[in-house]
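The values are calculated or read from the model by the stated rules, or taken from the named source; none is laboratory data. Here the structure is a predicted model, which means the values were calculated and not measured. Cβ placement follows ideal geometry from the backbone for every residue including glycine, while neighbour counts extend to all protein chains displayed.
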Amino acid sequence: MLALTNLSVNYGAVSALRNVDLHLQAGEVVALLGANGAGKSTVLRTISGLIRPVGGDVVYAGETLHTLSPTAIVARGVAHCPEGRRVFGGMSVLENLRLGASVRSDAAGIRSDMARMLSLFPILDERQHQSAGTLSGGEQQMLALARALMARPKVLLLDEPSLGVAPLIVRSIFATLSELRAEGVTMLLVEQNARAALALADRAYVLRTGSVALSGTAAELRGSPEIEQAYLGAGAA
């Protein structure tokens, strides 16, 4: 459904990604693990058109993505929930959700999905007329996820959904992601909490300094001594 082939990205003279090969099948959840600075967010930003690669291809459903604008990529069915939430703080919860549907024209479907988002995230229903900037960090993360879902994506790119979020809300977010997985939404998940990511994912890739160092099923990586030591050992996130 989505394939990155020999993908390379530079920030000026600095190489951020080197010859990355990665793919997602329809309905899969794939986790992308690695240390800070390994290139995980760069992968997502390149898929969503925010960064242009210097080499390689990003192909979605047989179409080249990396020549399209971010808006066109969302319209194709690829939505990005970025790191750091980035909600529109001066706008209400409902206004943020409507923005997520800006590529759509089906008014009845948008109304239905708005109601569904408020059902999925009851705290947003309680705060629907409140300015997004006044929400807690966890509530803003829920809003960012709901806003991405308003595009009705076929592929959802998630960048650190648990970062800076209280454990109770993290459990709620991952419960929602599990529901979406059951509904067949394809996801590429960048997540610091490797244990939670591998519990949700079908497969995973590990990036190291811009290249794929390991890949396999989630079960295989959970059983890897290297992954255990780096991500799942005592005190690991």
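What do you reckon, is ALA144 in contact with a Lys or Arg (Cβ under 6 Å, 6 or more places away or on another chain) and either assigned to a loop (DSSP other than H, G, I, E, B) or of a type in the set (A, V, I, L, M) (or both)?
yes
Considering each of LEU124, LEU118, LEU50, LEU65 in turn, give the residue that is in contact with a Gly (Cβ under 9 Å, 6 or more places away or on another chain) and either closer than 14 Å to LEU157 by Cβ or without any contact (Cβ under 8 Å) to a residue 60 or more places away in the chain (or both).
Exactly one of LEU124, LEU118, LEU50, LEU65 is in contact with a Gly (Cβ under 9 Å, 6 or more places away or on another chain) and either closer than 14 Å to LEU157 by Cβ or without any contact (Cβ under 8 Å) to a residue 60 or more places away in the chain (or both), namely LEU65.
Can you tell me which residues in region 124-149 are among the small types (Gly, Ala, Ser) and farther than 9 Å from VAL93 by Cβ?
GLY133, SER136, GLY137, GLY138, ALA144, ALA148
What is the residue count in region 147-174 for residues that are more than 21 Å from ALA194 (Cβ to Cβ) and not in a helix (DSSP H, G or I)?
Adding up the residues that qualify gives 6.
Counting only residues that are part of a loop (DSSP other than H, G, I, E, B) and modelled with pLDDT under 95, which one in region 180-209 is surrounded by the fewest Cβ atoms within 10 Å (Cβ to Cβ)?
Top of the filtered list is GLU183.
Here's a check for you: in region 25-36, which residue that is touching a residue at least 12 places away in the same chain (Cβ under 8 Å) and surrounded by fewer than 21 Cβ atoms within 10 Å (Cβ to Cβ) is nearest to LEU188 (Cα to Cα)?
If we take residues in region 25-36 being touching a residue at least 12 places away in the same chain (Cβ under 8 Å) and surrounded by fewer than 21 Cβ atoms within 10 Å (Cβ to Cβ), then GLU28 is nearest to LEU188 (Cα to Cα).
For region 210-230, enumerate the residues that are within 20 Å of GLY56 (Cα to Cα) and not in a strand (DSSP E or B).
Hit for region 210-230 is GLY210, nothing else.
Among the numbered criteria (1) within 12 Å of the chain's Cα centre (by Cα); (2) of a type outside the set (Lys, Arg); (3) within 18 Å of ILE110 (Cβ to Cβ), which single criterion is violated by MET187?
(3)
So in region 82-134, with the set limited to residues that are closer than 26 Å to GLY49 by Cα, over 19 Å from the mean Cα position of the chain (by Cα) and among the β-branched types (Val, Ile, Thr), which one is surrounded by the most Cβ atoms within 10 Å (Cβ to Cβ)?
VAL93
Among the residues of region 135-156, how many are surrounded by 14 or more Cβ atoms within 10 Å (Cβ to Cβ) and without any contact (Cβ under 8 Å) to a residue 40 or more places away in the chain?
3
Collect the residues in region 4-24 that are within 18 Å of LEU158 (Cα to Cα) and surrounded by fewer than 17 Cβ atoms within 10 Å (Cβ to Cβ), keeping them in residue-number order.
Within region 4-24, HIS23 is the sole residue that qualifies.
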